[in-house]
Amino acid sequence: IVGNASNFVLANSIVKNFNSHIKSNGFINKKDNNRVFPHNVKIVNNAFYNDYLRKTLSPATPLDIVGGDNWLIEGNFVSDFTKALYMHRLNWTYGIFLKGGGKNGIIRNNLVACEWRLPHYSKLDARVGISIGGGSTENQFCPSNDCSIEHHSGQVIDNTIVNCTNDSAIYINKGANIHIEQNKIVSSLGIEARFPQTSLSMVDNEYEGFVLLRDGARLVDE
């Protein structure tokens, strides 16, 4: 989903056995040399998973969303996202992330199972359920070449996240004004937020594990 693909909808589908089942990013408009992003996209009531480990050097993230405003990711099942290569070193993968300088994204009422039918192969298999910011974005891929804030005013609401046993169920990286509410986290390490750009509010979440604020991240009141 690239460039001027705003208002795209994917609903009621099964998408399986890909590195990135949904990949979205900006595209350079040659007329003014600005990067154009898809906005107002809806990904609702779908299933995204893999039947086997991905053999790739590329990222393995079922919903890999870089840039774009007003995305709605709701009612989806996301599971079994990991890679087979580099099994001898720490290997991060994500179920869903919004990053790349977008704003007003909503991740709501999804079931994210870091492990369903593909067991973690070792402690080095670090699967993160839902993230705002992911593993960060290079500036040239963000609006106005500025990735200092990976996502602004995002919401992570009413999701169930299970079996992220080697890493965080929710990870916020340079996310400003992020709201986390009524999520249920089971058999996972908890919620983690990093860097001074990160500000988040949390309401009525049920979780196992920790809430960890690192490198200047702030928890604020509503």
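The values are calculated or read from the model by the stated rules, or taken from the named source; none is laboratory data. Computed from a predicted model, the values in this text were never measured in an experiment. Every residue, glycine among them, receives a Cβ derived from its backbone with ideal geometry; neighbour counts consider all protein chains shown. What goes into the accessible areas is simple: the full protein's heavy atoms, side chains included, and nothing from ligands, DNA or RNA. Shrake-Rupley method; radii C 1.70, N 1.55, O 1.52, S 1.80 Å.
If you count the DSSP beta bridges with both ends in the chain, what percent of them are antiparallel, to the nearest 5?
5
Which of Phe81, Phe27, Phe37 moves the most in a Gaussian network model of the chain with Cα springs under 10 Å?
Sorting by GNM fluctuation, first place goes to Phe27.
Among Asn34, Ile185, Leu111, whose Cα projects farthest towards the positive end of the dipole of the chain, with charges put on the beta-carbon of Lys, Arg (+1) and Asp, Glu (-1)?
Asn34
Got a number for the accessible area of Lys103? Probe 1.4 Å, square angstrom, nearest 10.
90
Name the residue, out of Arg194, Arg89, Arg35, whose mean-square fluctuation peaks in a Gaussian network model built on the chain with Cα pairs under 10 Å.
Among Arg194, Arg89, Arg35, the largest GNM mean-square fluctuation belongs to Arg89.
Would you list His88, His152 from the most to the least accessible area, probe 1.4 Å?
The ordering from most to least exposed comes out as His88, His152.
Set the Förster radius R0 to 35 Å, insert the Cβ-Cβ distance between Ala5 and Ala84 as r into 1/(1 + (r/R0)^6), and round the FRET efficiency to 0.05.
It comes out at approximately 0.65.
Going by Cα centres, region 20-86 and region 171-208 are how many Å apart?
Going from one Cα centre to the other spans 21 Å.
Kindly state, to the nearest 0.05, the FRET efficiency for Glu181 paired with Lys30, given R0 = 41 Å and r defined as their beta-carbon distance.
Plugging the Cβ-Cβ distance into 1/(1 + (r/R0)^6) gives 0.45.
Identify the residues of region 19-61 with backbone N under 18 Å of a label point that sits 7 angstrom from the Cα of Ser122 along the Cα-to-Cβ direction, or state none.
Answer for region 19-61: 53-57.
Quick check for me: using +1 on Lys/Arg Cβ and -1 on Asp/Glu Cβ, what's the dipole size of region 36-117 about its Cα centre, in debye to the nearest 20?
The calculated dipole for region 36-117 is roughly 180 debye.
With +1 on each Lys and Arg Cβ and -1 on each Asp and Glu Cβ, and nothing else charged, work out how big the dipole of the chain is about its Cα centre, in Debye to the nearest 20.
800
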